[in-house]
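Please read the structure below before turning to the comments.
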């Protein structure tokens, strides 16, 4: 496994929106980075940032996927709960299939206890009311009550997967906020974080201008005059920022 | 109609989650019991438990489904509002079709006044803001403003139906919580309630352990040591339970 | 462009639900008026009423839809932000495609500043947490982080469009509440507003009756006795109305 | 059951296309009459005409839908095979669900032997290569190998159903050709047959004109001159008709 | 309107497959050029090549879209039939909506008589058996019997549209074969035709090699040895080509 | 890799339909074995039988999936073409995603040359007209012109996959006919082949009876009398069998 991303990158990304990251990646030729249709559980606005640790499911089979296997220490879903490194995000490829859940309250609580940075599944989870209370951000398609064995068979840990239509390689950087979840290829994380953070700062200034009545043209994107005002605003210590 | 389920069963089921019920039914060979994609209206966490009283719709036809029929005392939708027994759940098969609603504020208010235990539709309802204020739990796919006649023709009361892909026979036990709605075949209700309630209690203990830092393996599912601790916890009066 | 709708019509429509409007339009032979699947951003119950100003997108093309075009003063999406008249609703046809957003926080803030009455898109928006704080009602299918260029090319302003399956002609009256969004053909707005408002008042009375224990039959729709009670209630100044 | 439709009506409808029937029904205010997405098995262009005899399925349940029930004489699917009257069309409501078939080669062969006029299912059939050889027209969504018990439980015979989104009442007239299947409400069958047959004859003339180079305007729909030529063509014995 | 594409380009494209064109466009950064899910009517393998002439539909409205409008000379659908230039392909944006057709036998026959090069619709057509006999290639999603007014309102001629998710600008080059339909941006047509034709010739040679037992590696893509053999094959007059 | 299945099993399965196999697997508790929505290319009725050799795709990424990688000898898709053993079926998991193909004419020709028993993809292929001429059976969802890189990144060979919703483990037995494709778990292949073959023989007899006018009840399933006649028919050398 690659070494952890720099703490600085992680900190910057906590202040960059998923939307801004998609723009940064678009500039670099990447269009398919947003895991559409996934929503955060709970009202927490806390951003999620971490390296991807992946879990792959295939459809379940009645003679293999029986209750007994869930107690086995080598069951990939259960191993994922204990092996996802702290600070990483567990990302599950469950084929966007909603007839079975990909986890529930006890498993999510354990992940949260272990310091995992977040969970993303393109299927659903059970016990969502309980999970919504955890401090760990969790993104799902929708609540799904049935146990995973009804539909899913956990098969692989930390292989490249597709999650809600997006390629995710182990170690890629996963970021989530109120708009949903994006995946940053590992090798682009540092520059996307830096340039994205600058873009956020500029957009905060633009928003202040718009809120004070400025028209779109000239302000967004900024013309020369607005660009100069932006520099002055930076020099002045970003007055009015939230 | 079969005699009402025992009050004891109903009480137990109020403390058993939809998720746990699916596991109990899975153990008995039943996999397709969760009505996927239905969400509770309002933020109430109140569980819903009751026998199914069913209403079947077919697609509407312009020459039959005119406004006048809604005033007829033999219109099945209107009869359903007055005939669903108190303590039962009205379950509607509307083919998951969302171009017309399957009811609105006045009808839901009347059901609530009559002591009906809840409503489930695989289509939508109108006046959802008003309905979300009722004490009666209501599960829908999504808000749908148009009246039922645009898309639906009520045709049968209390026949076997499919609701969001799940078979529902009149008298089956319907349970709903934050994860959604499950259907328990009538003849399994008592044992699922009893065994499910025990499973919930055990999972409360497991959750306490996990929250205190225990790892998954050995705790969930419990090994012999954890099982013994569980019995001790029961003897001690379940300290720490919410 | 037609002259603005009468202020009286606008006021009446603020007190008529989307559901009631669909019934009024059904009586006039119109069935396909509800833009299904669109939800209001934020918890505000504020109704949305205004004439439609439309924006049409087609799928984007990599050699045309580059970041540079967003700064051009003739870009139709950017023009829509500055040209939607105050009191109008900007309605976007984005083919219900969710791989790219149709706007974000800065654009929505500018629309709100300009006094635009609301926004409806059959795709999604980015920065939804920020937009949910605006006083202007906004209806979307779901949150979508990527910029519009990933999927959409703005091509036309104020032409007839389809939005979530519903025909919308410029100047039609758009009304939104907790159930979603309906479109009233311009030439029907006045009579739908007047008759709809009366229907709402009658339904408030019916609801009071139902809440006091009246059965459905005789009350809804009202028989002669209930109709007489209704008139008496009106004479008495509508006691008990919320 | 109503008495059979007149043989004359049946004969006329064999020469009226599904497309023309939809136009005739549109003129009478009916828009939702086409069972979309169903295709004829085999290359036979033979039109299908007959009264609807219906079969309703709900989702199957593992403890009820076991192989043994297929041998029971009261199983509704099996009864449908022996009870659909000759000259009728068996129409199946299987919720457009494709995980299980709604019949196979042996059942279809028996229906064909019994003189049944055709079969329509909004799900699929198994043994499609064998069924395609039968003289009886059969319309399905697609080939589905698994037996019905995997997904379907036959529950009712000859009740009103929805089939591929269209209301079908027992006794309605079902017509199928290369475009698919339409349902004519029983009470409209005679006039739709007569007027539709005239419309077909007129369109044959129009087609001859178009094939000889006539432009659309003036020809279709016919202006006065073309209308006069049409009458002359009829007088002349319809020269050139296929 | 731009001047017609060179006859040479048109001839080359008749010998280049839709598949090869997508590869040529991928090399130029264009990924979304294939109108997925559209199938040719009839068994004709005849390739379709021509400039796009577009027709845009929005959803129909009951008070506007009545039978009478079809006879009006300014109805955009009818105008499209008489105005699509010979050698062009009529491409229809009907929102992939299948509840109404976008044309039928008479209209398609007239287009064929007028020398139009082909028709593409992302919805369906009626009278498909008749249309399959025409010499003009026609691509549809599936057969749809109901007339267009049930679902569609023709609104614009020759504006940029989306067709089955692909942007189509008037004058773009549309090519169809057994795999379906692709759209070549006008400014790339000449080079895609030339380079694509060369690629086809090379693939014919590769196919001959593979059919004679050559392994994939070294042959496809060709290594130096195979490349030399290819040149020798060209010098020898392409022996063995079909 | 497990040793090849017995030639006898393979021969029996060539005479057992996909439909019969699903019934045999249903008797053994397996319901999800049919890869719905896949159709054979070409009119060949030749059955397909072979062990599964699998290929897994994830979504493509613009910076990784460039044309150059297709020439690399370690590219998993290209390796699959040379490494699928003769007599095996190449089964591809491409997430049922249709924006890019999973192969074309040259690759399929090479597989056919190498004696591979068939190909199954839950996405599509390009060059379908050419592939339909090959002697090797091929099952796809639909024709897809664009190259795989547009949507797919080949990542793994011979791991467990999901194909059109069905679990497929390397070495499972894949059988296809006119109804589509089923997967037999390896350990059940022998008994399903033997019992299925017997069931086919019995159904041939039943079909002869039905074709001679026998009613369903008593014949299918056979009562004692029919069962005796069946034995006599076997003794007589199966007169009348096709």
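So here's what we get for this one:
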read-out: Between 0 and 90°, nearest 10: helix F:18-27 axis offset from chain F longest Cα axis; value: 80 degrees
read-out: Global form of the stretch B:201-242, assessed from the alpha-carbon gyration tensor, a/c cut-off 1.5; value: oblate
read-out: Between helix F:189-211 and chain F: long-axis angle, C-alpha atoms, 0 to 90°, nearest 10; value: 50 degrees
read-out: R0 of 35 Å, Cβ-Cβ distance residue C:6-residue A:225: FRET efficiency to nearest 0.05; value: 0.25
read-out: Extent along principal axes [Cα atoms of the stretch B:53-111; Å; largest to smallest]; value: 36, 25, 18
read-out: Shielding by partners - mean other protein chain Cβ count within 10 Å, residues of C:202-209; value: 2
read-out: Sorted by Cβ density within 10 Å, fewest first, the residues E:26, D:34, E:53; value: E:26, E:53, D:34
read-out: Paramagnetic reach from residue E:82 (point 7 Å along Cα→Cβ, amide N under 11 Å) across the stretch D:207-242; value: D:215-221
read-out: Of all DSSP beta bridges in chain E, antiparallel share, percent nearest 5; value: 55 percent
read-out: From the C-alpha gyration tensor of the stretch F:141-242, square roots of 5λ in Å; value: 41, 17, 11
read-out: Protection-proxy order for peptides E:137-148, B:206-217, each taking the mean of Cβ atoms within 10 Å per residue, highest first; value: E:137-148, B:206-217
read-out: Sequence-separation-based contact order of chain E, relative, with Cα cut under 8 Å and 6+ spacing, percent; value: 28 percent
read-out: Shape of the stretch D:1-59, Cα gyration tensor, a/c cut at 1.5; value: rounded
read-out: Per-residue average of Cβ from other chains inside 10 Å of C:174-181; value: 5
read-out: Residue among E:18, E:117, E:194 with the largest mean-square fluctuation in a Gaussian network model of chain E, springs linking Cα atoms under 10 Å; value: E:194
read-out: Of all DSSP beta bridges in the protein assembly as shown, antiparallel share, percent nearest 5; value: 55 percent
read-out: Degrees, to the nearest 10: D:224-235 long Cα axis against longest axis of chain D; value: 80 degrees
read-out: Prolate/oblate/rounded call for the protein assembly as shown, Cα gyration tensor, a/c under 1.5 rounded; value: rounded
read-out: Candidates E:122, E:177, E:74: whichever shows maximal mean-square fluctuation once chain E is modelled as a Gaussian network with Cα springs under 10 Å; value: E:74
read-out: Using a 7 Å Cα-to-Cβ projection, residue D:235 label spacings across copies, nm, ascending; value: 7.3, 7.8, 7.8, 9.6, 11.1
read-out: Average other protein chain Cβ within 10 Å of Cβ, residues E:67-75; value: 2
read-out: Pairs of Cα atoms farther than 27 Å apart, chain E, %; value: 39 percent
read-out: Calculated FRET efficiency for the pair residue F:27/residue B:211, C-beta based, R₀ 45 Å, to 0.05; value: 0.50
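Read-outs throughout are calculated quantities, based only on the coordinates presented, and are distinct from any laboratory measurement. No experiment lies behind these values; they were computed from the predicted model shown. Because the Cβ atoms are built from the backbone with ideal geometry, glycine has one as well, and the counts that use them run over all protein chains shown.
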